[in-house]
Structures are given as structure tokens and as C-alpha cells.
1. When you check A41 against the structure, is it among the hydrophobic types (A, V, I, L, M, F, W, C), open to solvent by less than 90 Å² (accessible area, probe 1.4 Å) and without any contact (Cβ under 8 Å) to a residue 12 or more places away in the chain, yes or no?
2. May I ask you to list pairs of residues, at least six apart or on different chains, whose Cβ atoms are under 7 Å apart, with the first in region 10-24 being of a type in the set (D, E) and the second being part of a loop (DSSP other than H, G, I, E, B) and open to solvent by less than 100 Å² (accessible area, probe 1.4 Å)?
Amino acid sequence: MIRLFVSDIDGTLLNERSELEEETVNAIKRFQAQGGIFMLATGRNPWETEEITSKIDHIVNNCVD
């Protein structure tokens, strides 16, 4: 089983309109319900990812400069 999933945001997690689709949120929540840890790896500031992290419980936001 995969225990940790790390994702970039732009072009990976968000669609072509820079939106987080409900289907993606549900998939992440199912993964977390099975004991997985979901983490963002991004160069964005934490306040720039707030819209994304507010839709997903227990998300690890790892900002990298």
C-alpha cells in the first residue's frame, strides 16, 4: 500500500482552469481514509495554497523555496 502521496499543484493537482475538482478531492479523501498521508510540494507560499488545503482535511503543506 502507498502510505505517502506527494503532489505538485500546477498542472498536476489542478485542472486547466487552475481549479481543484471535486473528483480529485474525493480521491484524496479516500486515500487518507485508508491511512495514507497526502502532502503538497510547492514553491507557493502557504496563503496561496489555502483554497486547496481548506478543501482537504489533514493535508501536509510543505512549501519549498
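The values are calculated or read from the model by the stated rules, or taken from the named source; none is laboratory data. Since we're looking at a predicted model, the values are computed, not measured. Heads up, the Cβs are rebuilt from the backbone with ideal geometry, glycines too, and the neighbour counts pull from every protein chain shown. Each accessible area value is taken on the protein alone, full model and side chains, heavy atoms only, with ligands, DNA and RNA left out. Shrake-Rupley method; radii C 1.70, N 1.55, O 1.52, S 1.80 Å.
1. no
2. Short answer, once both residue conditions are applied: E21/N15.
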